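Just so it is clear, none of the values below were taken in a lab; they were calculated from the coordinates. Keep in mind that this is a model prediction, so the values were computed, not measured. Every residue, glycine among them, receives a Cβ derived from its backbone with ideal geometry; neighbour counts consider all protein chains shown.
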């Protein structure tokens with residue numbers, strides 16, 4: 001199995017580098033650009049948006065190879081087809097939005113469909129003894145995280161680095177401690193981590209390419225999946241609390257602290273200004289860190305560090321879930337709360353340049 005993991009990482013990384021380098025050197029007429037040039041963005045939208053195409057190509061290669069290598073495991077479960085459908089739908093939906101600027105309703109319909117596919121195939125958050133409640137929370141999670149990652153993709157390298165910390169952390173932990181996630185899901189995490197590292201070479205400020213909505217929606221689908229099967233459902237729930245389980249909430253809030261803080265902050269501030277949270281703007285937590293004086297590179301590095309610390313705390317909680325007293329969870333809960341408050345307060349004190 002170790003050989004399979006190493007080969008998956010190396011091949012995915014090399015393929016990702018090759019595709020990104022191939023796309024970036026094509027004549028300008030072949031470059032895919034954003035159709036919505038009038039949207040408010042932090043920097044120019046004239047750069048190619050091939051990142052997601054590279055992500056999906058790496059995933060597709062893995063999925064095809066898995067049919068031959070892991071055929072016995074795949075044929076015994078509906079997990080494979082549900083992941084294939086969700087990731088493919090997400091990628092196509094994002095690519096369509098990049099190319100023809102689809103309406104927000106189209107995104108929501110596809111995202112709800114993705115959540116329904118997961119639930120239908122038994123991939124859902126277990127937080128309550130009532131299935132209907134679990135299904136509702138799962139739908140909110142899938143739709144919410146896919147939009148959150150899309151909103152976070154507003155500055156060079158931030159989304160790629162944040163996603164790498166969440167996905168990579170789950171992949172490394174699964175390899176080291178043999179977690180309960182399936183072999184195929186584990187390989188998806190490994191290959192996506194490798195593709196992200198290959199993409200960061202071209203997305204590090206000043207970037208040569210963006211991931212586009214095709215990339216952010218792909219990552220949103222993968223992060224929704226890893227959030228469900230690894231972070232939400234990582235700890236055994238001995239006593240259901242009817243939708244409120246502090247262990248799960250602290251684990252997820254810590255591991256996803258950057259995207260959750262950014263989306264919550266933007267939503268609150270825009271609603272207070274009586275604006276739509278879904279319209280682009282230069283008012284994200286990333287932008288306000290830049291207004292505070294950090295360079296674009298340091299913003300990406302700082303948020304990567306913040307989220308990586310959150311992931312490490314989440315992994316510690318997962319590893320010691322059976323031995324940890326509930327009273328001590330509030331100490332761990334302090335980290336995501338403090339980070340959110342600091343990022344939110346900064347949006348109030350730093351001024352747009």
query = Would you list 286, 263 from fewest to most Cβ contacts within 10 Å?
reply = 263, 286
ask   = Over the stretch 2-349, with a single point scatterer placed on each C-alpha, what log10 of the ratio I(q)/I(0) does the Debye formula yield at q = 0.06, 0.12, 0.14 1/Å?
value = -0.20, -0.84, -1.18
task = Report, largest value first, the span of the C-alpha coordinates of the stretch 44-135 along each principal axis, in whole Å.
result = 48, 36, 17
inquiry  = Suppose we keep just the alpha-carbon trace of the stretch 83-177; what are its Rg and Dmax in angstrom?
reply    = 15.0, 44
task = List 264, 162 from most exposed to least, where exposure is judged by having the fewest other Cβ atoms within 10 Å.
result = 264, 162
remark   = Scoring the chain by relative contact order with C-alpha pairs under 8 Å, at least six apart, yields a percentage of 24
key: Three-way shape call for the stretch 179-303 based on the alpha-carbon gyration tensor, with the a/c threshold at 1.5   = oblate
remark   = Once normalised by the length of the stretch 73-191, the mean sequence separation of its alpha carbon contacts under 8 Å that are 6 or more apart gives a contact order in percent of 19
request  = Report the relative contact order of the stretch 182-302, percent, no decimals, based on alpha-carbon pairs under 8 angstrom and at least 6 residues apart.
outcome  = 17
key: Cα centroid separation - the stretch 257-321 against the stretch 98-136, whole Å   = 23
